[in-house]
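Peer 1: Before we start, here is the structure in question, set down as structure tokens.
The values are calculated or read from the model by the stated rules, or taken from the named source; none is laboratory data. It should be emphasised that the depicted structure is a prediction, and the values quoted were computed from it without experimental measurement. Cβ coordinates were reconstructed from backbone atoms using ideal geometry, including for glycine residues, and neighbour counts include every protein chain displayed.
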Amino acid sequence: MSEKPVLRIGLIGSGFMGKAHVFGFASAGKVFDLPFRLEFHTLADVSDEAARAAARAFGFAHATGDWRAMVTDPDIDLVDITAPNALHREMALAAIAAGKHVYCEKPLAPTRAEAEEMAGAAARAGVTTQVGFNYLGNPMLHLAREMIAAGELGEITSWRGIHAEDYMADPAAPFTFRHDPAGGGALGDLGSHALATAEFLLGPVTRVMGDSVTVVRERPDGRGGMRRVEVDDISRAFLRFASGASGSIEASWVATGRKMQHDFEVYGTKGALHFSQERFNELHFHSTADRAGLRGFRRIEAGPDHPPYGLFCVAPGHQLGFNDLKAIEVAGFMEAIAGRRPEPFGFAAGAHIQTLVEAIRTSAQNGTWIDIPE
Ligand SMILES: NC(=O)c1ccc[n+]([C@@H]2O[C@H](COP(=O)([O-])OP(=O)(O)OC[C@H]3O[C@@H](n4cnc5c(N)ncnc54)[C@H](O)[C@@H]3O)[C@@H](O)[C@H]2O)c1
């Protein structure tokens, strides 16, 4: 049997997502029959010291405080960006110019123009890209999509999506990159996930109408002072889908008590689905075909009948975890790099989500519906 080709990873950032990506790469190579043997080559962070410590912990052979040197290193095949949003564009463009495949966390960039520039550069260079919309890898979302496409819910009439957490609810929580006036805010951070899930299940959104508010108007700047917050803490949008369905999404990072409410309800003429990311191994299905007296939502638990669950665990109901979603994302990306499938969610798809985000922002300022270009 011939050896698999090696794919060498250069990771930028070792925070929350950096670690999740390392878990994803590490278990994807064991759970899936990947087209490559993955090698943790170099980790880049803000300083040599920080990079060395993270490289040791995560098992990278090399470390650097200079991401620019890393992305042009001929030994690196894939650049993985888990740095703050405002850095995504510069890092990705440099990696693409060096001919690397690029994995980038969401949101792809703070603005639509930057995201489109990145998508254009990747397309021209012919490199393969992936944006970190990990929730789309969930087997239960794939089941929901199949059920909707097969007409098991009848004609889809409406959608309610939400992504609510409470990590910014405390006014004493400091100003971070997530509050950057250029592209920060709950809508870009969390609403982007809600929009990606809505379109994954119901197809393209054609019109949006937004509303945004800032709840905490200033936050500690980390230097003993306070800094004014200009971005949204809560955003909502009405949506119209190309299918004719109507819907809404809500994004909030001040939803006290909510930890990971990436939830949706979708209603059709023959049934409905309800899903909560806080119980993401379950999908709730109501069918109007059930006889009177038995109608209600039934709970479907994830198991080997819902691929690729069975590759992780042979037993139903034992549950996948957040990092497993990253492994599924990595596996799809690797298949795309090998040319075995289209990009699961590449830069063009990420730029489209930024188009929706920006349209909702504009609508929230203008108070008007905005059409989304095809
Ligand atoms: N897909 C998801 O579910 C999800 C969840 C959380 C965050 N994210 C995204 O991941 C990205 C990072 O978020 P996080 O929560 O991991 O942030 P974080 O602050 O925990 O980590 C950021 C990392 O980037 C490093 N970094 C910062 N500036 C750098 C530079 N100039 N050069 C090299 N490294 C640098 C930091 O030192 C840190 O290691 C953001 O784009 C965020 O939106 C996605």
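Peer 1: Just for the range 325-363: of the residues that are of a type in the set (D, E, K, R), out of contact with any helix residue (DSSP H, G or I) (no Cβ under 6 Å at 6 or more places or on another chain) and over 14 Å from A113 (Cβ atoms), which one is surrounded by the fewest Cβ atoms within 10 Å (Cβ to Cβ)?
Peer 2: Out of the qualifying residues, it is R340.
For every residue, the table says whether it meets (1) within 17 Å of H179 (Cβ to Cβ); (2) surrounded by 21 or more Cβ atoms within 10 Å (Cβ to Cβ); (3) of a type in the set (K, R).
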| site | (1), (2), (3) |
| --- | --- |
| A194 | no, yes, no |
| V205 | no, yes, no |
| G225 | yes, no, no |
| D233 | yes, yes, no |
| F238 | no, no, no |
| V266 | no, yes, no |
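Peer 1: With the requirement that a residue be within 11 Å of the ligand (Cβ to nearest atom) and part of a loop (DSSP other than H, G, I, E, B), what does the range 161-179 give you?
Peer 2: Scanning the range 161-179 gives E165, Y167, T176.
Peer 1: Output yes when any residue across the range 296-311 is acidic (D, E), touching a residue at least 40 places away in the same chain (Cβ under 8 Å), surrounded by fewer than 19 Cβ atoms within 10 Å (Cβ to Cβ) and on the phi < 0 side of the Ramachandran plot, and no when none is.
Peer 2: no
Peer 1: Would you check if there is a residue in the range 232-243 being touching a Pro at 6+ places or on another chain (Cβ under 9 Å) and modelled with pLDDT under 95?
Peer 2: No.
Peer 1: Continuing with the same structure: Of the residues A109, A122, A144, A94, which is more than 15 Å from the ligand (Cβ to nearest atom) and either surrounded by fewer than 24 Cβ atoms within 10 Å (Cβ to Cβ) or within 23 Å of A198 (Cβ to Cβ) (or both)?
Peer 2: Exactly one residue qualifies, and that residue is A144.
Peer 1: Next up: Pick out the one residue from A86, A122, A98 that is more than 30 Å from L311 (Cβ to Cβ) and over 17 Å from the mean Cα position of the chain (by Cα).
Peer 2: Criteria check complete, one pass: A98.
Peer 1: On the given criteria, is G184 in a helix (DSSP H, G or I) and within 30 Å of G224 (Cα to Cα)?
Peer 2: no
Peer 1: Would you confirm whether any residue within the range 183-196 is under 30 Å from R299 (Cβ atoms), more than 11 Å from the ligand (Cβ to nearest atom), in contact (Cβ under 8 Å) with a residue 12 or more places away in the chain and in contact with a helix residue (DSSP H, G or I) (Cβ under 7 Å, 6 or more places away or on another chain)?
Peer 2: Looking for residues that are under 30 Å from R299 (Cβ atoms), more than 11 Å from the ligand (Cβ to nearest atom), in contact (Cβ under 8 Å) with a residue 12 or more places away in the chain and in contact with a helix residue (DSSP H, G or I) (Cβ under 7 Å, 6 or more places away or on another chain), one finds at least one in the range 183-196, hence yes.
Peer 1: Just the residues that are more than 16 Å from the ligand (Cβ to nearest atom) and surrounded by fewer than 24 Cβ atoms within 10 Å (Cβ to Cβ), please, taken from the range 125-141.
Peer 2: The answer is A125, G126, V127, T128, M140.
Peer 1: Filter the range 10-43 for residues that are in contact with a Phe, Trp or Tyr (Cβ under 9 Å, 6 or more places away or on another chain), over 19 Å from M70 (Cα atoms) and within 12 Å of the ligand (Cβ to nearest atom) and give the result.
Peer 2: Selection gives A20 alone.
Peer 1: Show the residue pairs that are 6+ apart or on different chains and have beta-carbon atoms under 7 Å apart, the first residue being within the range 14-31 and closer than 15 Å to R56 by Cα, the second being more than 7 Å from the ligand (Cβ to nearest atom) and polar (S, T, N, Q).
Peer 2: Going by the 7 Å Cβ cut-off, the qualifying pairs are F23/N323.
Peer 1: Could we say that S14 is of a type in the set (S, T, Y) and surrounded by fewer than 16 Cβ atoms within 10 Å (Cβ to Cβ) here?
Peer 2: no
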